[in-house]
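S.K.: Have a look at the structure that comes next, please.
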Amino acid sequence: MIPAGNSKQNIDRFLGFQNEYDRFRPEAPPIIVSLLSNYLGGKPSTVADIGCGTGLSTFLWKDAADSVVGIEPNPDMLSKATEKLGQDSSIQSVSFQQGYSTQLPFDSGSVDIITCSQSFHWMEPAGTLQEIARCLRPGGVFAAYDCDWPLVLQADIENRYNRLITSADSLLAELQPEDERAHKWDKEGHLARIQSSGHFTFAREVVFHNTETCDAARYVGLMLSQGGLQSVLKLGSTLLNEGIAEFTAAAEDYFEGRTLPVMISYRMRLGIK
C-alpha cells in the first residue's frame, strides 16, 4: 500500500521507460561526493539515495561510503537498478529497496547523508523533510540536486526543446483529468522549503557543472525522457510528432554524426541537521 502523502500518478510516471531513462539520463557527477562529505566532516558510513530511479546517483557512492541504499517506489525503475547491481559482483556496499520518501526503512538518527537526484520535486515536501530529518544523525546532510534542462548546446535547438515541453504540459491539461495527472513541486522552492521546515541548522544552494559526451541520439533521448512528454506519448497522442521530428532533425544537423562534450548545469539545495 502506498503511504499517505505519496501520489500513485507520480510513482507511475516512468513505468515501462526504465531502459531509455537509464541509457540517456546523466550520471551524478563525482563532485557531489566531495561536496557532501566535506559538509559532513568526513567519510559517511551510511548514505541513502531516495527516489533513486535506476541508480544513476546511487552507484556514485559505491567506493565513498560503507553502505549505500537506494530507495525507489517505481517497480520498473527499481528492477533496472537491481539488474545493474547484479552485473557487478565486486560492488558490496550498494543495495536497493522499494520504499517511499515519507516512510524510509532506517532507524532514527542512523543515516549520514540523504540525497535526492532529479527526484525531490516529485515528493510531498513537508512529510518527506520530516522523515529525512528523523533518519539523519545530528550533523547529517540532506541534498536535493537537479540538472538544468535542456543541456547547454545551441539556441535554436534549446528553444525547440522548451516549446516541446510546454506543449506537452498543455496537452496533458487537456487529455488527462486533473486527478489523474502527476503533480510536481517547483524546484526553485526547494531551498525555501528546506529552510522553513525547521529541521535544519544550515541551508544553502550550491551551483556547479559537469561535462558528459553526447551525440544526436542521446540529446534527443534526453528530451524524450522527460516525464510530461512521455505521458503524452503513453496516452497515444500524435500531436507532438511533428515537433519531435523537427527537433530530431535540428539535433542531427548540429551534431553531424559527431560525439561532443556537452556542459550540464546543476543546482543543489542542501540542509544540515
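S.K.: Quick test for you: out of E131, E180, pick the one residue that is exposed (fewer than 15 other Cβ atoms within 10 Å of the Cβ) and charged (D, E, K, R).
M.R.: E180
S.K.: Give me the helices (runs of 4 or more DSSP H) completely within segment 1-78, filtered to those with at least 1 residues that are modelled with pLDDT under 95 and in contact with an Asp or Glu (Cβ under 6 Å, 6 or more places away or on another chain), ordered by residue number. Write out each step before concluding.
M.R.: On the way: elements: 8-12, 18-24, 31-40.
Output list reads 18-24.
S.K.: Continuing with the same structure: Could you go through segment 209-219 and let me know if any residue there is under 30 Å from G139 (Cα atoms), surrounded by fewer than 18 Cβ atoms within 10 Å (Cβ to Cβ), in contact with a His (Cβ under 6 Å, 6 or more places away or on another chain) and in contact (Cβ under 8 Å) with a residue 12 or more places away in the chain. Give the derivation first.
M.R.: Narrowing segment 209-219 to residues under 30 Å from G139 (Cα atoms): 209-210.
So of that shortlist, the ones also surrounded by fewer than 18 Cβ atoms within 10 Å (Cβ to Cβ) come out as 209-210.
Still in the list and also in contact with a His (Cβ under 6 Å, 6 or more places away or on another chain): none.
Checking segment 209-219: not a single residue is under 30 Å from G139 (Cα atoms), surrounded by fewer than 18 Cβ atoms within 10 Å (Cβ to Cβ), in contact with a His (Cβ under 6 Å, 6 or more places away or on another chain) and in contact (Cβ under 8 Å) with a residue 12 or more places away in the chain.
S.K.: Could you list all residues from segment 87-120 that are under 27 Å from N19 (Cα atoms), modelled with pLDDT of 95 or more and either among the acidic types (D, E) or in a helix (DSSP H, G or I) (or both)?
M.R.: Listed by number, the list holds a single entry, F120.
S.K.: Further question: Give segment 49-68 a look and list any residue that's over 16 Å from I32 (Cβ atoms) and either open to solvent by 10 Å² or more (accessible area, probe 1.4 Å) or in contact with a Pro (Cβ under 8 Å, 6 or more places away or on another chain) (or both), or say none.
M.R.: Passing the criteria: D66, S67.
S.K.: May I pose another question? In this structure, does L153 turn out to be in a loop (DSSP other than H, G, I, E, B) and either touching a residue at least 24 places away in the same chain (Cβ under 8 Å) or not basic (K, R) (or both)? Break it down into steps so the answer makes sense when it comes.
M.R.: Numbers: in a loop (DSSP other than H, G, I, E, B): yes; either touching a residue at least 24 places away in the same chain (Cβ under 8 Å) or not basic (K, R) (or both): yes.
Spelling it out, L153 is indeed in a loop (DSSP other than H, G, I, E, B) and either touching a residue at least 24 places away in the same chain (Cβ under 8 Å) or not basic (K, R) (or both).
S.K.: Next question, about the same structure. Which residue out of T201, T248, T259, T238 is of a type outside the set (K, R), open to solvent by 80 Å² or more (accessible area, probe 1.4 Å) and under 25 Å from E27 (Cα atoms)?
M.R.: T259
S.K.: Go through segment 109-128 residue by residue and tally those that are hydroxyl-bearing (S, T, Y), more than 24 Å from S265 (Cβ to Cβ) and surrounded by 21 or more Cβ atoms within 10 Å (Cβ to Cβ).
M.R.: 1
The values are calculated or read from the model by the stated rules, or taken from the named source; none is laboratory data. Owing to the predicted nature of the structure, the values given are computational and were not obtained by experimental measurement. Cβ coordinates were reconstructed from backbone atoms using ideal geometry, including for glycine residues, and neighbour counts include every protein chain displayed. Please note that ligands, DNA and RNA were not included when accessible areas were found on the heavy atoms of the full protein model with its side chains. Shrake-Rupley method; radii C 1.70, N 1.55, O 1.52, S 1.80 Å.
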